[in-house]
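Encoded as structure tokens, the structure appears first; notes follow it.
The values are calculated or read from the model by the stated rules, or taken from the named source; none is laboratory data. The structure displayed is predicted, hence computed values, not measured ones. A quick note on method: Cβ atoms are made from the backbone with ideal geometry, for glycine too, and the neighbour counts reach across all protein chains shown. Surface accessibility is based on the protein's heavy atoms, side chains included, excluding ligands, DNA and RNA. Shrake-Rupley method; radii C 1.70, N 1.55, O 1.52, S 1.80 Å.
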Amino acid sequence: MKLEARSVSVTVGDRKLVENASLHVSGGELVGLIGPNGAGKSTLLRAMLGIRAISAGQILLDGGDFLAMPPLKRANAVAFLPQERRVEWRLPAYDIVMLGRYPHQSGFGGPAPEDRAAVDRALDAVDGHGLVDRPVAVLSGGERTRILLARALAVESPLLLVDEPIAALDPYHQLHVMEILRERAHNGAGVLAVIHDLTLVARFMDRLVLMNAGRIIADGLPADVLTAERLASVYRISGSPPQRIS
Amino acid sequence: MKPLIPYSLLIAGLAALVGGLAFVSMVVGPATAGTFELFSMMTHGEADTAWMIMREVRLPRTALAMLVGMSLGVAGAALQGLLRNPLADPGVVGVSPAASLGAVLALYTGVSVQMPLALPLMGIAGALLCALLLHGLARRGGVLTLVLAGVAVSSLCAALMSLALNLSPNPYAAAEIMFWLMGSVTDRSMDHVLLAGPLILLGWAILGASARSLDALSLGEEAAASLGVDLGRTRTLVVAGTAICVGAGAAVTGGIGFIGLVVPHLLRPLVGHTPSRLLLASALGGGALLLAADILVRLLMFGPELKLGVLTALVGAPFFLWLIFRARTELES
């Protein structure tokens with residue numbers, strides 16, 4: 001399955017947050033959306049999900065108009081982990097992960113066996129079985145991210161969009177989350193992630209899309225995108241580009 | 001963090017409590033028609049009188065306390081879920097003051113003297129007008145717009161009610177308005193129940209349709225939207241449902257506060273903090289609490305009967321204060 005933004009612009013008042021951006025993510029690839037703060041990465045991600053109105057362009061799912069599809073059909077195709085990690089109420093972690101099954105449930109009766117199985121698979125992926133009975137509100141940052149990621153994985157959608165999944169995590173948990181995302185892509189899902197850590201994106205991502213000031217300025221293999229000139233012009237930092245370790 | 005009691009058992013227990021209190025409410029009354037007097041009438045050949053008291057006086061009173069209590073409970077739970085704030089209350093959307101204003105106008109203009117049912121009818125009209133206004137706002141604006149608009153509507157209605165009091169032709173009219181505003185289920189007839197009942201049921205059905213979306217909203221609006229929740233539709237359902245059931249209730253009973261704030265808060269831990277499960281539990285809990293309060297009002301025998309709304313505010317306001325302080329210590333620790 002393939003989700004594509006074609007010449008998308010997002011405007012607020014007379015400010016263009018995203019301008020004429022085109023990018024796509026297909027099954028089996030792990031794509032990093034990078035760029036400095038305020039480049040428009042999160043806005044573009046929300047536009048591709050249909051939760052942020054676009055002023056021009058198209059969002060296509062396998063060539064069909066994604067925004068015209070009913071909300072539940074969209075939710076079944078594309079899962080999303082927002083940057084916001086706040087969970088209201090003292091809901092236990094298991095119930096939070098089960099919310100990932102929302103697009104699959106009718107609302108009558110409790111969770112079906114296949115919903116429970118999907119939640120178990122998602123908890124396997126994040127190594128979260130030990131957390132299920134605890135309220136998410138009392139979990140540590142790393143534990144909470146894993147549970148919320150499991151919530152997004154439990155949708156079992158062919159595409160997954162994540163916004164800064166490793167922000168504020170220690171190195172061990174950063175690597176853990178990156179490995180979960182890579183494994184998801186290996187299993188056939190298309191994953192698009194906004195991530196700031198250039199070393200990690202160079203190491204894990206199959207492809208990088210670089211944004212600056214609302215525009216996409218590069219799209220390709222990490223080594224081709226992260227050049228010393230771009231680091232200087234876009235990020236205003238000097239140094240040698242990070243290397244892929246394989 | 002598993003709930004202490006299984007959900008089905010909790011619901012069965014609360015339903016039994018409502019049933020039990022409704023029965024008590026049917027047989028408890030002032031001394032001249034207290035429980036013993038009713039039973040002695042039945043056994044001494046005055047069964048007709050006893051039945052008439054129960055059917056004409058106690059039944060509407062019991063039904064209204066139950067319906068209004070349940071509306072406040074379910075609407076409070078739904079609003080707390082929508083606004084994701086444990087301090088939300090049906091009062092925040094301003095529908096009760098709007099209903100009260102309609103009723104006050106009926107009293108002020110004297111229409112209610114010629115046609116007693118004009119009072120609840122105008123109350124319902126006030127509530128529905130307020131619902132329409134909020135519906136328009138809920139579609140377009142966000143949650144904050146909604147709450148602020150509710151505050152504005154409440155203030156305007158309060159000002160207009162004060163104006164009616166200010167301009168009332170004589171002290172008796174003013175006193176009548178004041179007493180009505182305090183909120184009560186005394187001396188209501190089956191006509192009141194039949195007027196408000198269908199609207200209240202409609203409001204419940206609308207609120208029930210929002211239940212599952214409220215669960216998803218625990219993750220925040222963006223995550224909920226990405227799961228297929230229509231945020232605008234959910235807001236509309238909760239606001240319209242609340243306005244219709246709470247407004248119709250307020251139109252026949254006057255303002256009864258704090259039930260919708262206190263009940264969801266007490267029951268939340270018992271349903272495992274799940275917003276959708278809280279709806280039914282809170283409805284039953286609200287019904288039980290208002291029935292109990294109304295029974296208590298009848299048993300407290302000093303001077304004139306205490307108004308139901310006065311009692312709920314007397315107990316509810318300190319509880320609210322305690323909640324705020326507890327929430328503060330939780331945040332600061």
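Given the peptides A:153-165, A:45-57, arrange them by the average over their residues of other C-beta atoms within 10 Å, most packed first.
Per-residue mean Cβ counts within 10 Å order the peptides as A:153-165, A:45-57.
Buried accessible surface for the A/B pair, both sides summed and rounded to the nearest 100, is 2300 Å² with a 1.4 Å probe.
Packing here is the average count of other Cβ atoms within 10 Å per residue, and on that basis the peptides A:208-216, B:120-128, highest first, run B:120-128, A:208-216. Each residue of segment B:208-219 was assigned a 3J(HN,Hα) from its phi angle through the Karplus curve 6.51 cos²θ - 1.76 cosθ + 1.60 (θ = phi - 60°); the sequence is x, 5, 8, 3, 5, 4, 5, 4, 5, 5, 4, 8 Hz, with glycine and proline shown as x.
Peptide A:89-99 has a mean shielding of 5, counted as Cβ atoms of other protein chains within 10 Å of each residue's Cβ.
Would you calculate, for chain B, the mean residue ellipticity at 222 nm contributed by helices, counting each DSSP H stretch of 4 or more residues as -39,500 (n - 2.57) and dividing by all residues, to the nearest 500?
Value at 222 nm, helices only: -25500 deg cm²/dmol.
In chain A, the DSSP beta bridges split such that about 55 percent are antiparallel, to the nearest 5. Across segment B:162-176, rounded Karplus estimates of 3J(HN,Hα) from the backbone phi angles (6.51 cos²θ - 1.76 cosθ + 1.60, θ = phi - 60°) give 4, 4, 4, 5, 4, 8, 5, x, 8, x, 5, 4, 4, 5, 4 Hz, Gly and Pro being marked x. Compactness of the protein assembly as shown was expressed as the Cα radius of gyration divided by 2.2 N^0.38 Å, which yields 1.16. Between B:GLY247, B:LEU67, B:ALA175, the Cα set farthest toward the positive side of the dipole of segment B:7-332 (charges on each charged residue's Cβ, about the Cα centre) is that of B:GLY247.
Rank A:TYR235, A:ALA122, B:GLY303 by how far each Cα sits towards the positive end of the charge dipole of the protein assembly as shown (+1 on Lys, Arg Cβ; -1 on Asp, Glu Cβ) and give me just the farthest. Positive-most Cα among the choices belongs to A:TYR235.
Here the 3J(HN,Hα) profile of segment A:184-192, calculated from phi with Karplus coefficients 6.51, -1.76 and 1.60 at θ = phi - 60°, is 4, 5, 4, 7, x, 7, x, 10, 10 Hz, Gly and Pro shown as x. Note on segment B:126-166 and segment B:267-321: Cα centroid distance 25 Å, given to the nearest whole angstrom. Computed over neighbours whose Cβ is under 9 Å from that of B:SER218, the net charge equals -2, Lys and Arg +1, Asp and Glu -1. Rounded to the nearest 20 debye, the dipole size of chain A about its Cα centre is 480 debye, using +1 on the Cβ of Lys and Arg and -1 on the Cβ of Asp and Glu. Between amide H atoms placed 1.01 Å from N, distances below 5 Å from A:ARG207 occur with A:LEU30, A:GLY32, all of them 5 or more places distant or on a separate chain. Peptide B:227-234 shows a mean partner chain C-beta count of 5 within 10 Å per residue C-beta. Rg/Rh for segment A:104-243 stands at 1.04; both radii use Cα atoms, and Rh follows the Kirkwood definition.
Working value for segment B:7-332: equivalent-ellipsoid semi-axes of 33, 25, 17 Å, each the square root of 5 times a Cα gyration tensor eigenvalue, largest first. Between B:SER184, B:SER168, B:SER226, the Gaussian network model of chain B with springs among Cα atoms under 10 angstrom shows the greatest mean-square fluctuation at B:SER226. Per the Debye formula on identical point scatterers at the alpha carbon atoms of segment B:174-333, with no solvent, log10 I(q)/I(0) at q = 0.16, 0.20 Å⁻¹ is -1.06, -1.38.
Peptide A:70-76 has a mean shielding of 4, counted as Cβ atoms of other protein chains within 10 Å of each residue's Cβ. A Gaussian network model of chain A, with springs between Cα atoms under 10 Å, assigns the largest mean-square fluctuation among A:VAL31, A:VAL234, A:VAL194 to A:VAL234.
The average projected area of segment A:118-169, computed from the convex hull of its Cα atoms over all directions, is 3.7 nm². Per the Debye calculation on segment A:3-115 with a single equal scatterer at every Cα and no solvent contribution, log₁₀ I(q)/I(0) for q = 0.16, 0.18, 0.21 Å⁻¹ amounts to -0.88, -1.03, -1.22. Computed with the Debye formula from one identical point scatterer per Cα of segment B:227-269, without solvent, the log10 of I(q)/I(0) at q = 0.25 Å⁻¹ comes to -0.92. Annotation: peptides B:143-149, B:308-314, B:63-69, ranked by per-residue average of other Cβ atoms within 10 Å with the highest first, follow the order B:63-69, B:308-314, B:143-149.
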